[in-house]
Amino acid sequence: MPRQNDMEQKALQLIMNMGSTGVLQSELWRKMNASSREGSRISIKLENKGLIYRKNELSNGRWTYRLYSKRQPVHIDSIITSPCLTCPENMRCGAGAKASPNECDRLTQWILETVSKETESSGGN
């Protein structure tokens with residue numbers, strides 16, 4: 001029988017893979033070949049650890065939870081346009097060095113533009 005921590009990791013990975021659509025708790029336990037009791041306990045533990053959140057949802061006439069990950073896997077798309085990747089000072093850049101991310105105008109501008117684009121695409125929320 002798998003250890004509880006292994007089951008939690010498997011559940012978290014499945015939830016993360018579902019992205020912003022989340023997954024119904026009942027669907028998750030079927031995918032994991034777990035009982036609803038085991039599934040409920042695992043989802044509560046993951047929620048208590050701050051890794052997921054649950055929303056009540058009516059599905060096929062029964063109340064259940066839709067589970068969402070609070071973290072999403074990192075994709076290269078999130079940094080592909082970062083000025084650091086092509087900066088000539090990259091090898092000398094660091095805290096306390098002549099070139100520093102704390103004082104970099106190019107990096108600051110890129111961050112502001114990225115945040116602005118994300119705000120526009122989410123409708124300003």
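Values quoted throughout were computed directly from the atomic coordinates according to the rules given, and no laboratory measurement underlies them. Everything numeric in this text was worked out from a predicted model, so none of it was measured. Cβ: placed from backbone, ideal geometry, glycine included. Neighbour counts: every protein chain shown.
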* Evaluate the relative contact order of the chain (contact order divided by residue number), counting alpha-carbon pairs under 8 angstrom at least 6 apart; express in whole percent. => 19 percent
* Rounded to whole Hz, the Karplus (6.51, -1.76, 1.60) HN-Hα couplings of region 44-56, x for glycine and proline -> 5, 5, 5, 5, 5, 7, x, 8, 9, 9, 10, 10, 4
* For LYS49, go through the aspartates and glutamates and keep the ones whose alpha-carbon is under 18 Å away, minus same-chain ones fewer than eight residues off. => ASP6, GLU8, GLU38
* To do: Grab the Cα-Cα distance for GLU57 and SER116, subtract it from 0.36 nm times how many residues apart they are, and report the gain in nm with one decimal.
  => 18.0 nm
* To do: Name the lysines eligible as straight-distance cross-link partners of LYS55: C-alpha to C-alpha under 16 Å, and not fewer than 8 places from it in the same chain.
  => LYS45, LYS70
* Any chance you could get the radius of gyration and Dmax over the Cα atoms of the chain, in Å? => 20.5, 63
* Exposure proxy ranking, count of Cβ atoms within 10 Å, fewest first, for GLU27, GLU57 -> GLU57, GLU27
* Structure fact -> With -39,500 (n - 2.57) per DSSP H segment of 4 or more residues and division by the full residue count of the chain, the 222 nm estimate, nearest 500 deg cm²/dmol, is -13000 deg cm²/dmol
* Asked: Which far-off residues, 5 or more places away or on another chain, put their amide H under 5 Å from the one on SER100, with H placed in the peptide plane?
  -> GLY94
* Name the long-range amide H neighbours of ILE52: under 5 Å, sequence gap of 5 or more, or other chain; modelled H, no Pro or chain starts. => GLU47, LYS70
